[in-house]
Amino acid sequence: MEARIVVLPGDGVGPEVTREAVACLQAIGEAFGHRFSFREALIGGAAVDACGDPLPEATLELCRTADAVLLGAVGGPAWDKHPRDQRPESGLLRLRQGLGLYANLRPVTVHPALEDASPVRPEIVRGTDMMIVRELSGGLYFGEPRSFSPERAVNTLPYSREEILRVARVAFDLARGRRKKLVSVDKANVLETSRLWRMVVDELSAEYPDVAVQHAYVDSFAMSLVARPRDFDVVLTENLFGDILSDEAAVLAGSLGLLPSASLGGTVGLYEPIHGSAPDIAGRDLANPVGTILSAAMLLRHALGLLREAAALEAAVDRTLAEGHGTQDLKGATHSHGTAAMGAVIRTALELVGTEHR
Ligand code: IPM
Ligand code: MG
C-alpha cells in the first residue's frame with residue numbers, strides 16, 4: 001500500500017527519536033512491500049523560532065491531508081516565558097483539537113525483562129497490561145472561561161454529555177477486545193463534571209453487558225495504580241487526570257521513554273510518545289526511542305490497518321528488550337546504547353522477527 005506520513009519532530013529530543021521511528025517505518029515498508037512517504041513540518045518551539053507560531057497553518061493543512069501524523073515532542077526552557085499562545089505546548093493542543101482527536105490511547109505494559117527497572121517491586125508490576133483512554137480535546141485544557149492576572153486566574157472544567165459519550169464508547173469497544181474490564185476514573189464526590197461523567201458511563205454500560213464497569217475516585221485510583229496495577233484493563237478518564245495518571249503509570253513500565261500513544265477520533269490520527277522534550281538530554285544521543293517506535297507501530301495498526309506489520313515492529317522491540325538492550329534511562333539493561341544505536345538494534349531484530357510475521 002501507499003501512505004503519506006507527516007513527521008513533526010518538534011523540540012528537544014523530538015528530532016532524535018522521530019528519526020529512529022521513521023527509519024523503522026522505512027524498514028517495515030521495505031520488508032512488507034509498502035510505499036511510505038514522509039514529509040516533515042514545523043511544530044512547537046521550532047515553529048515559534050522559525051515563524052512566530054507554534055502551529056503554522058501550513059503544518060495543520062499538511063496534517064489534515066496526510067494518512068497519519070508522527071510527532072516527537074514539544075517544549076523547552078527557551079520558550080517558558082512566552083505568553084500562552086506563543087508556547088510550544090499550545091501548538092500541540094491546537095493540533096489535537098484541530099484534528100478532532102478526542103481519544104488518546106496510552107497502553108501500559110511491563111516487559112518481563114524490565115520488571116526490575118521499576119522502583120515498584122517486581123512481583124507487583126509483573127504482568128501489568130492496561131490501556132489508559134484519556135479524553136483529549138475537552139476539560140480544563142480547553143475550557144472557557146479562562147484568564148490570568150497576577151491577582152486571580154481562572155480555568156474551567158466543562159464536559160458535555162456528547163463529549164463524554166464518544167470517548168467512553170472508544171473505551172468500551174477497546175475493553176470488549178481485551179479482558180472486558182473498564183474502570184472509569186473521576187472525582188464525582190466533588191465535581192459536577194464528574195457526576196455527569198459517571199452518569200453517562202453508567203448509561204452507556206447498558207449497551208455493553210459483557211464489560212464489567214467500576215468507578216474510582218482519582219485520588220484513590222492514583223494509589224491503586226501503583227499498589228495493584230495488574231487489576232486494571234481499560235482505564236477511562238478525563239483530560240487532566242489522564243495526563244497525570246499516564247505519567248504515574250510509566251513508572252510501572254520502568255521508564256517514561258518506553259510508552260507510546262495514539263490519538264484518535266478525527267479523520268487523521270496523531271501518534272506520539274507520552275514523554276516530553278527532555279531538554280536536559282536533548283541532542284546528546286541519550287533519549288530512548290522505544291516510545292516513539294512503539295507509537296509508529298500504533299500508527300501502522302490504527303491509521304493504516306497494517307496489523308501484521310505493527311505486530312512485527314512490536315515483536316522486534318520485545319526481542320530487543322528481552323536481550324537486555326536499552327538506553328541510559330533503563331536501569332539494569334545489560335547492553336546500554338545511544339538513541340541511534342538502540343534504533344539500529346531494533347531494526348536488526350526486525351529482520352529476524354520480520355519473516356515470522358509475513
Ligand atoms: C502529554 C503532555 C502534553 C499534555 C503537554 C506537552 C501539553 O504532557 O502529552 O501528556 O499535557 O497533554
Ligand atoms: Mg503528559
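Things worth noting here:
- When Leu55 is tested against the conditions (1) on the phi < 0 side of the Ramachandran plot; (2) open to solvent by 10 Å² or more (accessible area, probe 1.4 Å); (3) touching a helix residue (DSSP H, G or I) at 6+ places or on another chain (Cβ under 6 Å), the lone failure is (2).
- The stretch 274-289: number of residues that are open to solvent by less than 30 Å² (accessible area, probe 1.4 Å), away from ligand 1 (no atom under 12 Å from the Cβ) and not small (Gly, Ala, Ser): 2
- Checklist (1) part of a strand (DSSP E or B); (2) under 18 Å from Leu105 (Cα atoms); (3) small (Gly, Ala, Ser) applied to Ala216, failing item: (2)
- First in the stretch 251-275 and touching a residue at least 24 places away in the same chain (Cβ under 8 Å) and in the same structural domain as Gly338 (by TED's automatic domain parsing), second anywhere and part of a loop (DSSP other than H, G, I, E, B) and among the aromatic types (Phe, Trp, Tyr), Cβ under 6 Å, 6 or more apart: Gly265/Tyr102
- Across the stretch 89-104, the number of residues qualifying as within 15 Å of ligand 2 (Cβ to nearest atom), open to solvent by 10 Å² or more (accessible area, probe 1.4 Å) and of a type outside the set (Lys, Arg) comes to 4.
- The set of residues in the stretch 132-164 being among the aliphatic types (A, V, I, L, M) and surrounded by fewer than 14 Cβ atoms within 10 Å (Cβ to Cβ) consists of Ala153, Val154.
- Only listed residue being in contact (Cβ under 8 Å) with a residue 40 or more places away in the chain, among the β-branched types (Val, Ile, Thr) and away from ligand 2 (no atom under 16 Å from the Cβ), chosen from Val120, Val108, Val74: Val120
- Residue in the stretch 105-123 that is charged (D, E, K, R) and farther than 23 Å from Leu259 by Cβ present: no
- Being in the same structural domain as Thr193 (by TED's automatic domain parsing), in contact with a helix residue (DSSP H, G or I) (Cβ under 8 Å, 6 or more places away or on another chain), in contact (Cβ under 8 Å) with a residue 60 or more places away in the chain and closer than 15 Å to Tyr271 by Cα is a property that does not hold for Arg126.
- Subset of the stretch 235-275 (residues that are within 10 Å of ligand 2 (Cβ to nearest atom) and out of contact with any strand residue (DSSP E or B) (no Cβ under 8 Å at 6 or more places or on another chain)): Leu240, Ile244, Asp247, Leu256
- Leading residue by the ranking (nearest to ligand 1 (Cβ to nearest atom)) among those in the stretch 239-249 that are open to solvent by 10 Å² or more (accessible area, probe 1.4 Å) and not aromatic (Phe, Trp, Tyr): Asp243
- Residues of the stretch 312-358 that turn out to be exposed (fewer than 14 other Cβ atoms within 10 Å of the Cβ), in contact with a Gly (Cβ under 7 Å, 6 or more places away or on another chain) and touching a residue at least 12 places away in the same chain (Cβ under 8 Å), as a count: 1
The values are calculated or read from the model by the stated rules, or taken from the named source; none is laboratory data. Just so we're clear, the structure is a prediction, and the values are computed from it rather than from any experiment. Cβ atoms come from the backbone with ideal geometry, glycine included; neighbour counts cover every protein chain shown. Note: areas computed on protein heavy atoms with side chains; ligands, DNA, RNA excluded. Shrake-Rupley method; radii C 1.70, N 1.55, O 1.52, S 1.80 Å.
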